[in-house]
Amino acid sequence: MALEKELATYNQKLPELKGQEGKYVLIHADQLVETFTSYEDAMKEGYAKFGVKEPFLVKQIQTIEQVQFISRFVKPCEVPRRA
């Protein structure tokens, strides 16, 4: 599975990161590289350090994960046309 090691590292380090909730963490393999105040800064640093060929994870630090439900089978809403 993609980023399996990075996600395991995030879950392992989460108790240490609780004081930084809302920030973004950069993780490569089993190494927590750094935390950032913005997603963009974390991504830039990830690409600068690891390039495009090595996987890295940028994730917002959240003690309670938001559940996301996305379905490609949902029929779009039809908007009535005006006459």
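Among the numbered conditions (1) farther than 24 Å from GLN66 by Cβ; (2) surrounded by 17 or more Cβ atoms within 10 Å (Cβ to Cβ), the only one that PHE36 does not meet is (1). If the condition is being under 17 Å from GLU65 (Cβ atoms), among the basic types (Lys, Arg) and more than 11 Å from the chain's Cα centre (by Cα), then the range 1-33 contributes LYS13, LYS18.
Across the range 10-49, what is the total count of residues that are of a type in the set (Ser, Thr, Tyr) and in contact (Cβ under 8 Å) with a residue 40 or more places away in the chain?
We begin by selecting, within the range 10-49, every residue of a type in the set (Ser, Thr, Tyr); these are 10, 24, 35, 37-39, 47.
Of the ones still in play, those that are also in contact (Cβ under 8 Å) with a residue 40 or more places away in the chain are 10.
Qualifying residue count for the region: 1.
Taken together, the values in this text are just the output of simple stated rules run on the coordinates, not laboratory data. Keep in mind the model is a prediction, meaning the values are calculated, not measured. All Cβ positions, even for glycine, are placed from backbone atoms using ideal geometry, and neighbour counts span all protein chains on display.
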